[in-house]
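S.K.: To start, I am sharing the structure in question, which I have written as structure tokens.
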Amino acid sequence: MISTAPTTAKPRSRRLTARTGLALAAAALAAGCAQVPHPSPNDPWESYNRSMYRFNDAVDRAVLKPIATGYETVTPRPVRTCIHNIFGNLGDVWSAINSLLQGRGRDFVDTFGRVLFNTTAGLGGCIDIASMHGARKIPNDLGMTLGVWGFGSGPYVVLPFLGSSTVRDGSAWAISLASPVSPTSAVFAIDNVPVRNSMFGLYVVDTRANLLEADRLVDQIALDKYSFIRDAYLQRRKSMLDSRLNSSRASTADDLDNPDRPQADQNLPVYEDPDEAPAQ
């Protein structure tokens, strides 16, 4: 008899995670009874968002931050860099797909070339050979794709455990999670449940560990951490989307003014994430 346990474990795990997240979100929403009298226009749900932010911060301080700090302390930097680069290489696949969905063929080729280069010469992505040779990351995700397609960002919202988002970006994240090709799809494709859970846990710890320095900076300079994080997130996302939209308009206008100019002579846009330094 053929066992169906491996195929049913993943849907059950995801359903349990979704139900847990919704329950925690509802609890935080109920806890947010103190209304903010004059919320920001970009943050009409500020009362709920502040409650969810406090919940996330409490979980982070109690669980995630200590684990990430311990991981940073005991794990040698080359090992941490290798792990981060491997997950980043998986993320580049998703970035390439979104570049293609946005109609950016050159970005798709460049990013897919990064994946091939780092996967082969970089030992499965452990070494970011592409960045060392000047092929920088082109960060992209489904939220940016929806923005390029004309979907507005919607209000700012703080998601359980995930933190800052918007209605558009949160919806895009949910779609990405269900997608067969996403930054975590390779992890969820592992049939061995203990191995899959360990890899996902490592992904979470690696992500949190790479935010420790930014966390220390926010602690030093922000009087109101919630407002600081919210404004920084919204400004960064708007800047990333504007760079894509403006470069598209410039390229279209340039094509109309110079229809006979070869494509290779055009100035290529740069979509580097200013917060993302290449790992050596």
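S.K.: Every residue in the stretch 156-213 that is of a type in the set (Ser, Thr, Tyr) and either in contact with a Cys (Cβ under 9 Å, 6 or more places away or on another chain) or not in a strand (DSSP E or B) (or both), please. Please lay out each step first, then the result.
M.R.: To start, the set of residues in the stretch 156-213 that are of a type in the set (Ser, Thr, Tyr) comprises 156, 164-166, 171, 176, 179, 182, 184-185, 198, 203, 207.
Residues satisfying the conditions are Ser171, Ser176, Ser179, Ser182, Thr184, Ser185, Ser198, Tyr203, Thr207.
S.K.: While we're looking at this one, here's another question. Hey, can you tell me all the residues within the stretch 155-189 that are modelled with pLDDT under 95 and either among the charged types (D, E, K, R) or at positive phi (or both)?
M.R.: Phe161, the sole residue that qualifies.
S.K.: Ok, one more. Just checking, which of Val115, Val204, Val109 is within 13 Å of the chain's Cα centre (by Cα), among the aliphatic types (A, V, I, L, M) and at pLDDT 95 or above? Full working, then the answer.
M.R.: Values: Val115 fails: within 13 Å of the chain's Cα centre (by Cα); Val109 fails: within 13 Å of the chain's Cα centre (by Cα).
Checking each option against the conditions leaves just Val204.
S.K.: Between Leu90, Leu116, Leu100, which is in contact with a Phe, Trp or Tyr (Cβ under 6 Å, 6 or more places away or on another chain) and open to solvent by 30 Å² or more (accessible area, probe 1.4 Å)?
M.R.: Numbers: Leu90 fails: in contact with a Phe, Trp or Tyr (Cβ under 6 Å, 6 or more places away or on another chain); Leu116 fails: in contact with a Phe, Trp or Tyr (Cβ under 6 Å, 6 or more places away or on another chain).
Exactly one residue qualifies, and that residue is Leu100.
S.K.: While we're looking at this one, here's another question. Take Gln235 and decide whether it is surrounded by fewer than 17 Cβ atoms within 10 Å (Cβ to Cβ), at pLDDT 95 or above and out of contact with any Leu (no Cβ under 7 Å at 6 or more places or on another chain). Give the steps one after another, and end with the answer.
M.R.: On the way: surrounded by fewer than 17 Cβ atoms within 10 Å (Cβ to Cβ): yes; at pLDDT 95 or above: yes; out of contact with any Leu (no Cβ under 7 Å at 6 or more places or on another chain): yes.
Spelling it out, Gln235 is indeed surrounded by fewer than 17 Cβ atoms within 10 Å (Cβ to Cβ), at pLDDT 95 or above and out of contact with any Leu (no Cβ under 7 Å at 6 or more places or on another chain).
Yes/no per residue for (1) open to solvent by 50 Å² or more (accessible area, probe 1.4 Å); (2) more than 27 Å from Arg61 (Cα to Cα); (3) touching a residue at least 40 places away in the same chain (Cβ under 8 Å):
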residue	(1), (2), (3)
Thr166	no, no, yes
Asp169	no, no, yes
Leu177	yes, no, yes
Pro183	no, no, yes
Asp191	yes, yes, yes
Pro194	yes, no, no
Asn197	yes, no, no
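S.K.: Does Ile83 count as at pLDDT 95 or above and closer than 28 Å to Ala178 by Cβ? First the steps, then the outcome.
M.R.: Values: at pLDDT 95 or above: yes; closer than 28 Å to Ala178 by Cβ: yes.
Here the answer is yes, as Ile83 does meet what is asked.
S.K.: Considering only residues that are part of a loop (DSSP other than H, G, I, E, B), farther than 30 Å from Ala174 by Cβ and touching a residue at least 40 places away in the same chain (Cβ under 8 Å), which ones fall in the stretch 124-143?
M.R.: Cys126, Ile127
S.K.: Now for a different question. Among the residues of the stretch 49-79, write down those that are over 22 Å from Gly163 (Cα atoms) and either open to solvent by 40 Å² or more (accessible area, probe 1.4 Å) or among the acidic types (Asp, Glu) (or both).
M.R.: Scanning the stretch 49-79 gives Thr73, Val74, Pro76, Arg77, Pro78, Val79.
S.K.: Taking the criterion of being open to solvent by 60 Å² or more (accessible area, probe 1.4 Å), more than 30 Å from Pro76 (Cβ to Cβ), touching a residue at least 12 places away in the same chain (Cβ under 8 Å) and not aliphatic (A, V, I, L, M), would at least one residue in the stretch 212-227 satisfy it?
M.R.: The answer is no, given that none of the residues of the stretch 212-227 is open to solvent by 60 Å² or more (accessible area, probe 1.4 Å), more than 30 Å from Pro76 (Cβ to Cβ), touching a residue at least 12 places away in the same chain (Cβ under 8 Å) and not aliphatic (A, V, I, L, M).
The values are calculated or read from the model by the stated rules, or taken from the named source; none is laboratory data. All values derive from a computational prediction rather than experimental measurement. Note: ideal-geometry Cβ built from the backbone for every residue, glycine included; neighbour counts use all protein chains shown. All accessible areas refer to the heavy atoms of the entire protein, side chains included, with ligands and DNA or RNA removed. Shrake-Rupley method; radii C 1.70, N 1.55, O 1.52, S 1.80 Å.
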